[in-house]
Amino acid sequence: MSDVDDTVPAGRGRRLRIPRSRGALGGLAVLLLGAWGALIPFLGPSFDFAFTPDEPWVWTAARGWLEVLPGAAAVIGGLLMLVSRNRLVASFGAWLGVAAGFWFVIGPVLAGPLGIGDVGDPVATSDWKRAVLQLTYFYGLGALILFFAATSLGRLSVRSARDIAFAQREVDTRAAAEADRQRRPADTPRPGETAPWSTPATEPRPRDPGPYRG
């Protein structure tokens, strides 16, 4: 049993606070995989690793719908998971990653019925290279994004003892700052400051020598 009191960080907003490292690993993986998926159709033809049309930096409707769109969604979702300290925002990023991975897997199959373009043919002379291209462009890539996004989503949906301790530290820090502010009088100077009521020191008046005696 954890020795952290779950009732201490009261308030819904505090319960949604999580350490930034909570979704960092999954977020980074989803971000990098999404960047790969969005850029490889334009870079792959340069080193003979592509689907037709095997020309670099050629835009087609199929590349936009089936590769750039899910890749961009994965990048945004991974970035939200990586940097957010809010459970809802990070979970939204994980759901974006899940949707992107799912579309990478089913998009090539639905491209024809939906009329969004032809994914093209793998530029390969062997069955092994054809399989590698299909896995790295679509099916395997989508499965990996799905795995990391779904794993992070599961972690984000559970409020662990670490999350409670993180929220409790924030509450303790704010309470200590508030108590310190209340203890300090309004006119008490802080270190390095001059009190508002202080006046500069004056030089002592010269002593009266009294009447002159000749």
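Bear in mind that the values in this text are calculations on the coordinates, not laboratory data. Note that the coordinates shown come from a computational prediction; the quantities given were computed from them, not determined experimentally. Here Cβ is always computed from backbone atoms with ideal geometry, including for glycine, and neighbour counts include all displayed protein chains.
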J(HN,Hα) series, region 142-157, from Karplus relation 6.51 cos²θ - 1.76 cosθ + 1.60, nearest Hz, glycine and proline x: x, 5, 5, 4, 4, 4, 5, 5, 5, 4, 5, 4, x, 5, 6, 7
Ellipsoid semi-axes in whole angstrom, largest first, where each is sqrt(5λ) of the Cα gyration tensor of region 37-166: 33, 14, 13
Per-residue ³J(HN,Hα) for region 54-63, Karplus 6.51 cos²θ - 1.76 cosθ + 1.60, θ = phi - 60°, Hz, x for Gly and Pro: 8, 10, x, 6, 10, 8, 9, 4, 5, 5
Residue-count net charge about Val119 - beta-carbon cut-off 11 Å; Lys, Arg +1, Asp, Glu -1: -2
Cα-derived Rg over Rh, computed across region 67-144 with Rh taken as Kirkwood radius: 1.09
Environment charge at Trp57 (Cβ cut-off 15 Å; Lys +1, Arg +1, Asp -1, Glu -1): -2
